[in-house]
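Only the coordinates and a few stated rules stand behind these numbers; no lab work does. Just so it is clear, the model here is predicted, and its values are computed rather than measured. Cβ sites come from the backbone with ideal geometry, for glycine too, and all protein chains shown count toward neighbours.
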Amino acid sequence: MTSGLKIKITFAVIVVVVAAAVFISLMRSRSERARKDRVSWLELDKMLSAGDFNGHLALLDAHLKERPRDGLLRYFKARVLYEKGDTFKALAETEKALALGFPLDPAWLLKAAIYGRKLGDYKKQAEYASKALSYDPSDEDAYLIRAEARAVLQDHAGAARDLTSYLAFNPKDVFAYLDRAAAFYELKNYPAALADAAKALGLDRKKDYAHFIAGQSLAAQKDFKGAIARFTSAIKLNPKRYAYYVRRAEAYEKLNDFYDAAWDYSTAMAAPEVYCCASYYYLLGAGMYRINEIPAALKAAEEALRRGPETPAYLQLRGRILAQAGRPKEAALDFKRMAELEPGRGPRAQEYLRLLDGGK
């Protein structure tokens, strides 16, 4: 090899090495810039916990100025707007992400959540969650969101199937077992509901709703003693869930324990969701009447009629209580009005009136 050729080869090698060094340096610089400029949902999620929505939106808008057709950035912006509560802006950004074609499955899922959880359209929630699953059948969150919609739409079989799919990915999700137990209860598959309640309690002994749904399932199978035990466990864990007292009262009534039933109804009336309803005052009045607590019974019956005036059943109850209290004239008026409103109760009204008149 001549010395001139050696020099040329050496020079070429030096040029290649220098070029490689420059390339590596440029790539490292670009990599550093990319690392600084990147936007990931994980980072946004951490920042959102501080509640600074506007700051995150400004960051995303700055990136979107440079890359307006970046579907992932559009999706991120839609997520931030969704978390902020700007429902229609979130939906608009979601539509832009879908039009750009990426990311399809999470964007469809976000659209499902917007329509169901924000706009109350559960049919579309189920439809768009299904669309997300068509792109990614392993999207566990999509099964959960579709199950939520199906439960509201009374498709309990579909909800149970979706929750089963979700639980295959998340076998330790207590709430999913509780939701599936509720679905099985609605399907009258009480053994399956009890099994899921047991699984939930195996993961968390303090889940009062697990005891409650177990109590409901046992009551449906006419095991009222077992149901009372479960309702009692639920009440001990959460004494302010007044629906538990109502269900326990119903179980007590099935065992002819009217005393405990009456006082459970009385306790339940402390809850706004209970005392707003005339029917619960009627149940309370009937319960108190059975155990001869006449003043309390009359008060409840009158409140039932105040909230549900001209209701024959309520008039019948108040009439019986007034008769028991020694107020026959007032009782007679209730019985007569009851018969006018519902002629089918006429024979019973006549019987009551005859008894008020001394059985003549």
Charge context of D334, other residues only, Cβ under 9 angstrom, K/R +1, D/E -1:
+3
Taking only the alpha carbons of the stretch 65-169, what extent do you get along each of the three principal axes, in Å, biggest first?
47, 25, 18
Determine the relative contact order of the stretch 276-360: mean sequence separation of Cα pairs under 8 Å and six or more apart, normalised by residue count, in whole percent.
22 percent
In whole angstrom, and with the biggest value first, how far do the Cα coordinates of the chain range along each principal axis?
141, 39, 34
What is the angle, in °, between the Cα long axis of helix 294-307 and the longest principal axis of the Cα atoms in the chain? Nearest 10 is fine, range 0 to 90.
60 degrees
Going toward the positive end of the dipole of the stretch 172-255, with +1 on Lys and Arg Cβ and -1 on Asp and Glu Cβ, which of N189, L203, A220 do you reach last?
L203
Does anyone have the angle between helix 258-268 and the longest principal axis of the chain? Alpha-carbon axes, 0 to 90°, nearest 10?
50 degrees
Enumerate lysine pairs in the stretch 65-169 that are 8 or more residues apart or on different chains, then count those whose Cα atoms are under 15 Å apart.
13
May I ask which residue of Y115, M269, T311 lies farthest towards the positive end of the charge dipole of the chain, with charges of +1 (Lys, Arg) and -1 (Asp, Glu) on Cβ and the Cα centre as origin?
Y115
The stretch 65-169 - charge dipole about Cα centre, Lys and Arg +1 at Cβ, Asp and Glu -1, debye rounded to 20:
420 debye
If every Lys and Arg gets +1 and every Asp and Glu gets -1 at its Cβ, then about the Cα centre the chain yields a dipole, in debye to the nearest 20, of 660 debye
Can you work out the base-10 log of I(q)/I(0) for the stretch 163-229 at q = 0.25, 0.26, 0.29 1/Å, using the Debye formula on its C-alpha atoms alone?
-1.01, -1.07, -1.25
Any chance you could give the angle, 0 to 90 degrees and rounded to 10, that helix 140-152 forms with the longest Cα principal axis of the chain?
30 degrees
The stretch 172-255 - charge dipole about Cα centre, Lys and Arg +1 at Cβ, Asp and Glu -1, debye rounded to 20
260 debye
